[in-house]
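The structure appears below as structure tokens.
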Amino acid sequence: MKYCYSLLLTVLVISCGSPEQKDASVTHEHTIPPPPDGMAFIPGGSFVMGSDTGDEAPTHRVWVDAFYLDKHEVTNQDYKEFIDSTGHPAPPFFKERDLNQPDQPVVGVSYYDAVSYAHWAGKRLPTEAEWEYAARGGLPGKKHPWGDDDPFTRCNYAPIHRGGKEADGHACSAPVGSYAPNGFVLYDMAGNVWEWCQDFYDSLYYRVSPDSNPSGPDSGYVRVLRGGSWLSIKPKHLTCSSRLELRPFVKDRYYGFRCAKTP
């Protein structure tokens, strides 16, 4: 009898396994790695992309998988490390005092420059859908990353009706993080500098966009930028849905970028 009992107990242990091992396996499968330094985790989800006007129409529901996104725009300090490491040419405004402070966003970078930096950093540019989803910060249907309130004092732009481009205290770009973040702890998703996205631009793309992880047209020439800049006059340019088309080689003092990364 003792032998049978011992044999039965052995079989049960082998077949059932250790409860601790099972829990560890489940936890491992559902654990998201912590965000890389300087990045925020953006959980996967669906949202209504676009608006009912111009190239932002029609509104359409889109699913975006989870990803990481830089909390701040890439700064001059960040970009200098890239230059020092690779010998990549410096941007044309790298010596201009109003634009070259270490904590200001790097400007004067083309789409190709932004892609080169992202590759060096082990990252990539965000898709247009990822960028808009992240900019909304979990606030569905709102105009701006903070809601529907007037953008004055909430981001760096040129509010002409309130005294010109310096009315917000910044003659040009502001140091990153000068304004409150959105719900995903992302800074300057409106204003400061227009940000390159990876997508080709097509004014009619939203009519045929897939409903899961859209990445833009398969081919094209001009690229998409998002977010508005320190010289944006119209509040419309600061909305989450606003789109700008630009030739990929253009370098100007209004254009910068931030990077994304797939978990």
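The values are calculated or read from the model by the stated rules, or taken from the named source; none is laboratory data. Keep in mind that what you see is a predicted model, and the values were worked out from it rather than measured. A quick note on method: Cβ atoms are made from the backbone with ideal geometry, for glycine too, and the neighbour counts reach across all protein chains shown. Please note that ligands, DNA and RNA were not included when accessible areas were found on the heavy atoms of the full protein model with its side chains. Shrake-Rupley method; radii C 1.70, N 1.55, O 1.52, S 1.80 Å.
What percent of all Cα-Cα pairs in region 141-263 falls into each 10 Å bin, going from 0 up to the bin containing the maximum distance?
Pairs per bin, as whole percents: 13, 41, 34, 11, 1.
Go through region 161-263 and name the GluC sites (Glu not before Pro) that are in a DSSP coil and have 15 or fewer other Cβ atoms within 10 Å of their Cβ.
Counting only loop positions with at most 15 other Cβ atoms within 10 Å, the GluC sites (Glu not before Pro) in region 161-263 are 166.
Extension gain residue 103-residue 212, at 0.36 nm per residue separation less the Cα-Cα distance, in nm? Could you put the intermediate results ahead of the total?
On the way: separation 109, 0.36 × 109 = 39.24 nm, distance 3.55 nm.
35.7 nm is the gain from fully extending residue 103 to residue 212.
When the solvent-accessible surface of protein heavy atoms is calculated with a 1.4 angstrom probe, in what order do 88, 119 fall, highest first?
Working: 88 40, 119 150 Å².
Largest to smallest exposure gives the sequence 119, 88.
Select from region 234-263 those chymotrypsin sites (Phe, Trp or Tyr not before Pro) which occupy a DSSP coil region and have at most 16 other Cβ atoms within 10 Å, ordered by residue number.
Details: sites: 249, 254, 255, 257; in loops: 249, 254, 257.
In loop regions of region 234-263 (DSSP not H, G, I, E or B), the sparsely surrounded chymotrypsin sites (Phe, Trp or Tyr not before Pro) are 249.
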